[in-house]
Amino acid sequence: MPAISAIISAVLSALGFITKNPFLQKMVIFSFFFAVVSYTVDFFLGKASNTLVNASQILTLASYLGFLNALKVVFNFLIAGFIAKQILAFVRS
């Protein structure tokens, strides 16, 4: 039992350190929302990719060259960064 309480104490002290450090707060929130946004975009892109890519030759070429994947990563960073910034601004106010 003392080992379990030591583990719980270590986890809680780590969480306390994260809540006091603004850089770590932003990293944790950003990584969480990046994962959520990435999963959501991948899900909907998987649903629409067949019809989207077959719509024109330009989209087929863009998909083949990886431009659509690059846009997906850029949008993930933008959306996740915006969400993390808004949450931290709300928490600080």
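The values are calculated or read from the model by the stated rules, or taken from the named source; none is laboratory data. This one's a predicted model, so the numbers in the text were calculated from it and none came from an experiment. Neighbour counts are summed over all protein chains in view; Cβ atoms, including those assigned to glycine, are modelled from backbone coordinates with ideal geometry. With ligands, DNA and RNA removed, areas are computed over all heavy atoms of the protein, side chains included. Shrake-Rupley method; radii C 1.70, N 1.55, O 1.52, S 1.80 Å.
Percent of accessible area on the chain owned by carbon and sulfur, 1.4 Å probe? Mind dumping the intermediate values first?
Details: 5550 of 7280 Å².
On the chain, the fraction of accessible area on carbon and sulfur atoms equals 76 percent.
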Show me, for region 19-33, the HN-Hα J-couplings you get by feeding each phi into the Karplus relation (A = 6.51, B = -1.76, C = 1.60, θ = phi - 60°), rounded to Hz, glycine and proline as x.
5, 8, 9, x, 5, 5, 4, 5, 5, 5, 5, 5, 5, 5, 6
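Find how much the distance from Thr51 to Lys26 grows on full extension, using 0.36 nm per residue of separation minus their present alpha carbon separation; answer in nm with one decimal. Write down the numbers at each step before the final one.
Values: separation 25, 0.36 × 25 = 9.00 nm, distance 3.69 nm.
Result for the pair: 5.3 nm of gain on full extension.
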Estimated FRET transfer efficiency (Phe77, Thr19; beta-carbon r; R0 25 Å; 0.05):
0.55
Straight distance only, please: which lysines reach the Cα of Lys85 with their own Cα at less than 26 Å, same-chain residues fewer than 8 apart left out?
Lys20, Lys26, Lys72
For the chain, with every protein chain kept in place, what is the accessible area per residue (1.4 Å probe, Å²)?
78
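Please report Rg over Rh for region 22-92, where both radii come from the alpha carbon positions and Rh follows the Kirkwood definition. It would help to have the intermediate numbers written out before the result.
On the way: Rg = 15.3 Å, Rh = 13.5 Å.
Value, to two decimals: 1.13.
Fully extended, how many nm does the chain gain between Leu68 and Ser9 (0.36 nm per residue separation, minus their Cα-Cα distance)?
Numbers: separation 59, 0.36 × 59 = 21.24 nm, distance 4.53 nm.
Taking Leu68 through Ser9 to full extension adds about 16.7 nm, to one decimal.
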